[in-house]
1. Restricting to region B:278-322, name every residue that is under 30 Å from A:Ser243 (Cα atoms) and surrounded by fewer than 16 Cβ atoms within 10 Å (Cβ to Cβ).
2. Collect the residues in region B:349-394 that are within 14 Å of chain A (Cβ to nearest Cβ), touching a Phe, Trp or Tyr at 6+ places or on another chain (Cβ under 6 Å) and at pLDDT 95 or above, keeping them in residue-number order.
3. How many of the residues making up region A:132-173 are crowded, with 20+ Cβ neighbours inside 10 Å, in contact with a Leu (Cβ under 9 Å, 6 or more places away or on another chain) and not in a loop (DSSP other than H, G, I, E, B)?
4. Would you confirm, using the coordinates I've provided, whether B:Gln88 is of a type outside the set (D, E, K, R) and either in contact with a helix residue (DSSP H, G or I) (Cβ under 7 Å, 6 or more places away or on another chain) or closer than 26 Å to B:Met277 by Cβ (or both)?
5. Right, B:Ala157: buried (at least 16 other Cβ atoms within 10 Å of the Cβ) and in a strand (DSSP E or B) or not?
6. Please determine whether any residue of region B:54-72 is outside any helix (DSSP H, G or I), in contact (Cβ under 8 Å) with a residue 40 or more places away in the chain and away from chain A (no Cβ under 14 Å).
7. Take the residues in region A:251-271 that are under 23 Å from the mean Cα position of the chain (by Cα) and part of a helix (DSSP H, G or I); name whichever of them is nearest to the other protein chains (Cβ to nearest Cβ).
Amino acid sequence: MLHQLQQNKRALHALALSAVFALSPLAVVAEDAIKKGYEIAKASDISDNGFGDSTASAKMILTNKAGQSTTREMEFRTLERTSDKVGDKSVSIFSTPADIRGTAVLSHAKITGNDKQWIYLPAAKRVKRISSSNKSGPFVGSEFSYEDITAQEFGKFTYKWIKTDACGSAKCEVIERIPTYKNSGYSRQLVWLNAKTKQSERIHFFDRAGNHVKTLTWAGYKKYKGFWRWNKMSMINHRNGKSTELIFSDWKFGTGLRDRDFKSSALENLK
Amino acid sequence: MTPVLRCLMVMSATLATPAAQADSIEFSGYVGAELSYFPNTGLYPGQLADLQYSLVLAPEINWQSDSGDTQVNILAFGRIESADTKRQHLDLREGYIHHEFDDFTALIGINKVFWGVAESRRLVDIINQVDQLEYTDNDARLGQPMLTISTDQDWGALSGFLMTGFRKLKFAGTEGRLRLPYPVLDTAVFSHRSREKAKDYALRYYNSFGDFDLGLSTFNGTSREAVLKPVGGNSFQPNYSRITQTGLDLQYTGDATLLKLEAISRSGDNFKHFEAMVAGLEYTIYQIADTGSDLGLIAEYNYDNRGANAPLTIFQKDAFVGGRWVANDSEDTSAILGMLIDLDDGTRSFQGEFKRRLGNGLSLNLQFRALGYSNPANAQHGFRRDDFFAVSLKHFF
């Protein structure tokens, strides 16, 4: 799932980059806003190119309305693929809770059509090909939907520049993006991009009825080998009062991961 | 055998290096308590009355080299049992060294291998012997000693298996439930001279073509299934044939629909060649009733044309219908319910399971199995008084 998060970031970088050269919002007509949004996003898509492969550990903290929380720990591995037709390959390996230790989800992202996904169930040592069409369902009980995690390829949205806005003490460009893939739970998303760091600070998610249902914020940005990565993502669900935090640590790039480490036959002996 | 020897040498050399760091060794596993309740008294004399308690322990050790290229996995499973001493058993499920070479991987030791796609029957799956004593776990298998060489290339994944140390079926004791009318002898009869020392060979190819995942397999060795022949009028003796089996498993993955097919063709020393298949679909309704949970509807058709000289099966012409509910919550709650109907004689069996994590490391499992109707001619008829309800608590560490 991580690569999609990263590609989301990539899209956002480029958006911010172009925003620096943006005209005054008053002068921008709707058509220009679409063109500007697209160009920003397109530029962003290539701006993070070259990371090759990466790994990171993450702790997922699920908090309910009453404030009680449960934790999952996982590792994300990503292999970059530079193509207009296919996205990156990624694998998420769960280490806690202990009863799902070793469970892994492998994803080969595609731009059009569903991603290819397999799940490895260690108790039976079974690899199962699974459908990735369930976009709006909750990812492992969290407030992240599958699509928040797996549908972040550049080509899966249309873009439109909206406005310049303050975000904390920084300046942000706000971009609207609309999912073009099937089965999305969203009508649109608003993305806040930090104009200086070119990183996304916040996303507002709007459901099919147009209500603002969830907010995602990023924190703790740091540059690793030229690539911006964050240490925290927080998703708040305004409808049910629940929230999910993803705390990242141990970002690594150029770890020597190869294509064969992202094949379904490799899931059994992930190391 | 030269490449095999060479990889064994590399593997042992890697292991012998004093690089083993404490932090690359991981201990994990679970300890559990299980209680089964049989509402009906047993059909046969000596069978336990209604309650069966056990303790289970499954410790696991994993080690990997600094490079990650070499791994050692050890996984044992043991059960301590209240009534049936034969069900009290210890098995090394895994105990192997795995090494990644540049273009292939090698594994030597005891391992468990899963093949197939269907839900109601594991038809093409043949590497491991079924652990029949674990009647509360359909996926329980005995560890199989093997040497495996695998490669995963652009044209697909190919694995070769060389196996020795045949694992015989295990049967419940006189006190046990879900047993045959008479005890089964520990000594077995084999159709070939080298008996249980005979080696087994298997080859499997797998590849994913767009929405299709295809597996082709072949096995030559001792049958995992046995013909149970009456001996002396008060016991059974397992008879194992030398067999050759070719198998195919295929899955189409659509948006909400999975289509599945498994088929085999098997010939053996002591029976007429036969074919079998299981075909079906799984349709998932996502986010039912506006909740985050999913409901998968499963329907499968089983066909098996084996003759009377072949080991018994209950899947000659049977339909399976079932549902799998997954809550997608933080406790990973799920439930599965299924019914198998014999389309020839009307025998119907039901099975259900509910799973939920109770707290950190603790998980609850409830299940039942019941025979709704059994035709006296059906192999399941002997289990007609063995309906059960089981509850288990496992603590994972």
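1. B:Ile285, B:Ile288, B:Ala289, B:Asp290, B:Thr291
2. Matches in region B:349-394: B:Lys394 only.
3. Matching residues across region A:132-173 total 6.
4. No; evaluated as a whole, the condition is false for this residue.
5. Here the answer is yes, as B:Ala157 does meet what is asked.
6. No; the residues of region B:54-72 include none that is outside any helix (DSSP H, G or I), in contact (Cβ under 8 Å) with a residue 40 or more places away in the chain and away from chain A (no Cβ under 14 Å).
7. Here the residue is A:Ser264.
Conditions (1) part of a loop (DSSP other than H, G, I, E, B); (2) not hydroxyl-bearing (Ser, Thr, Tyr), marked per residue:
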| residue | (1), (2) |
| --- | --- |
| A:Lys182 | yes, yes |
| A:Trp192 | no, yes |
| A:Ile203 | no, yes |
| A:Ala209 | yes, yes |
| A:Thr215 | no, no |
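The values are calculated or read from the model by the stated rules, or taken from the named source; none is laboratory data. None of the values given here were measured: they were computed from a predicted structure. Note: ideal-geometry Cβ built from the backbone for every residue, glycine included; neighbour counts use all protein chains shown.
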